[in-house]
Each structure stands twice: as structure tokens, then as C-alpha cells.
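For reference, the structure is listed below as C-alpha cells.
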Amino acid sequence: MFDAKYWEQRWMEHGEFGTIGRASFSSWHYYRRGVEIYDAIREHLPSHCTCLIDYGCGAGRMTPYLLAHCDQYVGIEPNPEAADRAHDRFGMHNGVGFWMEPPVMGGGVEAIVFSMVMQHIVDDGELESLLKRCNKWLKPGGKIIALENTSNNDDAPHIKFRSCGTYCKLISDAALRCTPIAELRFDGERHTLFVATKEK
Ligand SMILES: C[S@@+](CC[C@H](N)C(=O)[O-])C[C@H]1O[C@@H](n2cnc3c(N)ncnc32)[C@H](O)[C@@H]1O
């Protein structure tokens, strides 16, 4: 069972969270946002996965919440600074691993979470091939749960703003059944929650 009080205390102990790349966070903001994201996705996460991937896990904001849903947690993060932070926080222990590159996954994954990550993969071709690899990693009936920015904002050139329809097409092209679940606002911008399922 996820112990929110424990994690609240844990996050707050670290004080100022610091800076990763261009983004800076207070630990409070970082923690609260993690709670909000988890609240949005939790009902779509399988209650128990043998293996769950947190794709683009950053500094591990979602790690404690996702751990409660799986035996094996695989965090994939190409930014070494963020990956180090995640590793420092949660270590590499039984069932938890952080990787800069995906380890070879053999079709045994029940859930892949993208928490504000596809929006940073600006090249449609790269995202398309990643989604096809995700399809191979997933078990039949396995799911992608993705929360992505679908606003238009010219002030954020590091983010690729795709419409809900574009995400659905890219996901469907990877032979996954895509359902947009809800529109949610984070930091004043529209985000869409998608669930994509690999047919049995
Ligand atoms: C907004 S952060 C979200 C981090 C984390 N998912 C969370 O919710 O706290 C976006 C993350 O996506 C990662 N990212 C960007 N491009 C990526 C790619 N091609 N593959 C995997 N991760 C990527 C970044 O390094 C960054 O950690």
C-alpha cells in the first residue's frame, strides 16, 4: 500500500530540490506535482505488475508511487544528471533499476508510464519507433499510460505540442488501441491523459 505520509516526509527532508537542465524545482512543488499526476493516473495502472517501465523517469518523481504497483520497476532516463538523482534517491535494489538506455525487455511488461515525456521527443519518427518498441515490450493486455501536454504554447520551444488526435494516430500506428481519457490542467496548460492497450 502506498504510504503517502512517509513519502511526503521523505520529499520534504531534502529541502530545496535544485535544478535539472533548464528546470528548477522546490521539493514541495516537485512532490505535490507527483501526487497530482499519480492521482490522475492511478485508477488506470494495473494494481499489480510483474514489471512496470517508467519511461523518461527524470529524477524519480513518480518512482515511489509506481513502486507500489509492481515487483520490478524499470526507470529509463537518458539525462545523466536526473538519472543520478533518481539513483541516489531510490538506489538499485531488489526490483528497482534505473537505466540510461532501455535494457532488453522481452514482452513481459504490464505497464509503461510516460509522465510528460513524449512531449520532449520532438521527432515524430523517433516517437513512432519508440511506441513500436513499447508494443514489443508489453504483454498482451498490457498498457501505456501517458500524460502529455496538448496545449499550444510558443513560449516553450523545448516541448513539441501535439494535438490529442496526433498522439492517438501515432499510438494507433504502433498497433495499440488508444483512448484519450481526460484533459487536465497542470501549470495552466492542457494535458491529455491517454491509455493505450495492446490487444490480447
Ligand atoms: C518533464 S520531465 C518528466 C520526468 C518524469 N517523468 C516526471 O514526471 O517527473 C521529461 C523527462 O523526459 C526525458 N526525456 C526526454 N527525451 C527522452 C527520450 N527520447 N527518451 C527518454 N526520456 C526522455 C527527460 O530527460 C526528462 O527527464
Does G107 satisfy the criteria of being away from the ligand (no atom under 12 Å from the Cβ), without any contact (Cβ under 8 Å) to a residue 40 or more places away in the chain and not in a loop (DSSP other than H, G, I, E, B)?
no
For T192, which of the numbered conditions (1) surrounded by fewer than 20 Cβ atoms within 10 Å (Cβ to Cβ); (2) modelled with pLDDT of 90 or more fails to hold?
(1)
Mind checking which residues of segment 175-196 are assigned to a loop (DSSP other than H, G, I, E, B) and more than 16 Å from A111 (Cβ to Cβ)?
A175, D187, G188
Restricting attention to segment 42-53, does a residue exist that is under 21 Å from G142 (Cα atoms), of a type in the set (S, T, Y) and in contact with a Phe, Trp or Tyr (Cβ under 7 Å, 6 or more places away or on another chain)?
no
So, in segment 54-67, exactly how many residues are closer than 21 Å to W137 by Cβ and not in a helix (DSSP H, G or I)?
7
Kindly list the number of the only condition in (1) farther than 24 Å from D39 by Cβ; (2) surrounded by fewer than 17 Cβ atoms within 10 Å (Cβ to Cβ) that fails for L130.
(2)
Criterion: near the ligand (Cβ under 9 Å from one of its atoms), surrounded by 16 or more Cβ atoms within 10 Å (Cβ to Cβ), aliphatic (A, V, I, L, M) and in contact (Cβ under 8 Å) with a residue 60 or more places away in the chain - qualifying residue of M116, M62:
M116
What number of residues within segment 73-98 satisfy the criterion of being hydrophobic (A, V, I, L, M, F, W, C), in a strand (DSSP E or B) and either under 14 Å from the mean Cα position of the chain (by Cα) or near the ligand (Cβ under 9 Å from one of its atoms) (or both)?
3
Check on P102, touching a strand residue (DSSP E or B) at 6+ places or on another chain (Cβ under 8 Å) and either surrounded by 14 or more Cβ atoms within 10 Å (Cβ to Cβ) or modelled with pLDDT under 85 (or both)
yes
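The values are calculated or read from the model by the stated rules, or taken from the named source; none is laboratory data. Predicted, not measured: the structure shown is a model, and the values here were computed from it. Because the Cβ atoms are built from the backbone with ideal geometry, glycine has one as well, and the counts that use them run over all protein chains shown.
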